[in-house]
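Peer 1: I have a structure I would like to understand better, so I am pasting it below and will then ask my questions one at a time.
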Ligand SMILES: Nc1ncnc2c1ncn2[C@@H]1O[C@H](COP(=O)(O)OP(=O)(O)OP(=O)(O)O)[C@@H](O)[C@H]1O
Ligand SMILES: [Mg+2]
């Protein structure tokens, strides 16, 4: 990590109508580091990153790049300065090929008969293949992006960022819809970019991921910076306390007066009986999903999340017969989810 930051947000404030989304927040990014930005839903994380990426304008405060004050009116201007924000809501052109998406806005052109400009398709494929190769993404660049899975689409976006020689790469909740092995691939890619001197911002709710890959951590709550420091200076409990403003109470209440049916799930923290609904609440990253997916002792029954866009998930083989587990929803905002008995 170098002494002077690549970019810094200084005392940034932003209001949306009655909501003070950011209140004098400062944040900086150095070359070759991962700076995690954490906070509960609505804390202001995406807003801060959108201001750094030229999507929104701050009401007050300053953005500095290489020490100089800048004002980006559009994302394109931030891109030119090497600041690439991969948003929480991904924008990609499904009908276009991987190559076209990777090189969106900077397709190589050649002159036909020395005069007529046309897309230099072989050069486009060559450049795109090289960029996806840097991410160990094994896809044919002629494939329409609409045929790829979510994780691969995300890598295409990141390859696009690489093609623009990103100096700063902001990943806003990048693992929300990824499965374990896809997360590992993303982490490898993050390590590669770090070693190449890219400064990364990692916006996430998932504290175990943050603990694993962040060099520094900044915590926002209700638009204010409430904590900042090096990884290792915070325990997960402290991060949760800063994020929520409350001490974590691991209070578990097993209510109801009826006799429980046959036990279906016997986890040391959660038990599920036939005919029973068990509520399980926790911040994303607090371990609720892991607890459900790793509890291999459920031989019958089904548990469901309260996901609005849940999809069936077969996991890595830990799901037993008759057991159905829905992955966390993308853009999850609900911290509670319910388990429900089925068959
Ligand atoms: N375009 C907008 N118009 C009005 N209010 C907005 C807008 N964007 C964000 N907000 C509000 O500003 C606050 C901060 O939102 P922001 O999206 O930055 O939070 P976040 O920390 O990224 O949350 P999440 O974890 O849910 O992604 C929230 O109260 C949100 O409702
Ligand atoms: Mg957000």
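Readers should treat all values here as calculations from the given coordinates under stated rules, not as data from a laboratory. Remember, predicted model here, so these are calculated numbers, not experimental data. Heads up, the Cβs are rebuilt from the backbone with ideal geometry, glycines too, and the neighbour counts pull from every protein chain shown.
Peer 1: Give me the distance between the Cα centres of segment 83-126 and segment 156-214, rounded to whole Å.
Peer 2: 22
Peer 1: Evaluate the relative contact order of segment 46-91 (contact order divided by residue number), counting alpha-carbon pairs under 8 angstrom at least 6 apart; express in whole percent.
Peer 2: Dividing the mean separation by the residue count of segment 46-91 yields 40 percent.
Peer 1: Could you give the nm distance between label points at residue 165 and residue 188, where each point is 7 Å from its Cα heading toward the beta carbon?
Peer 2: 2.8
Peer 1: Oh, and also: Looking at the square roots a ≥ b ≥ c of the eigenvalues of the Cα gyration tensor of segment 55-104, which shape do they give, rounded for a/c under 1.5, prolate if a/b is larger than b/c, or oblate?
Peer 2: Prolate is the answer for segment 55-104, as a/c is 1.5 or above and a/b outweighs b/c.
Peer 1: Can you sort 175, 74 from fewest to most other Cβ atoms within 10 Å of each residue's own Cβ?
Peer 2: Lowest count first: 74, 175.
Peer 1: In addition: Would you calculate the separation in nanometres between label points at residue 93 and residue 136, each defined as 7 Å from the Cα along the Cα-to-beta-carbon direction?
Peer 2: Each label point is offset 7 Å from its Cα along the Cβ direction, giving 3.0 nm.
Peer 1: Take each of the peptides 188-196, 77-85, average the number of other beta-carbon atoms within 10 Å over its residues, and list them starting from the highest.
Peer 2: Taking the mean over residues of other Cβ atoms within 10 Å, the ranking is 77-85, 188-196.
Peer 1: What residues of segment 1-43 lie in the reach of a label at residue 226, counting those whose backbone N is under 13 Å from a point 7 Å from the Cα along Cα→Cβ?
Peer 2: Only 38-43 fall inside the zone, counting backbone N under 13 Å.
Peer 1: Quantify how much of the Cα-Cα distance distribution of segment 7-244 extends past 31 Å, in percent.
Peer 2: Taking all Cα-Cα pairs of segment 7-244, the fraction more than 31 Å apart is 25 percent.
Peer 1: How big is the antiparallel share of DSSP beta bridges in segment 7-244, given as a percent to the nearest 5?
Peer 2: Here the antiparallel bridges make up roughly 60 percent for segment 7-244.
Peer 1: Another question about this same structure. Once you have the Cα-Cα distance between residue 118 and residue 247, take 0.36 nm times their residue separation minus that, and quote the gain in nm to one decimal.
Peer 2: Taking residue 118 through residue 247 to full extension adds about 40.3 nm, to one decimal.
Peer 1: Roughly speaking, what is the stretch gain from residue 262 to residue 111, that is 0.36 nm per residue apart minus the C-alpha to C-alpha distance, in nm to one decimal?
Peer 2: Result for the pair: 46.9 nm of gain on full extension.
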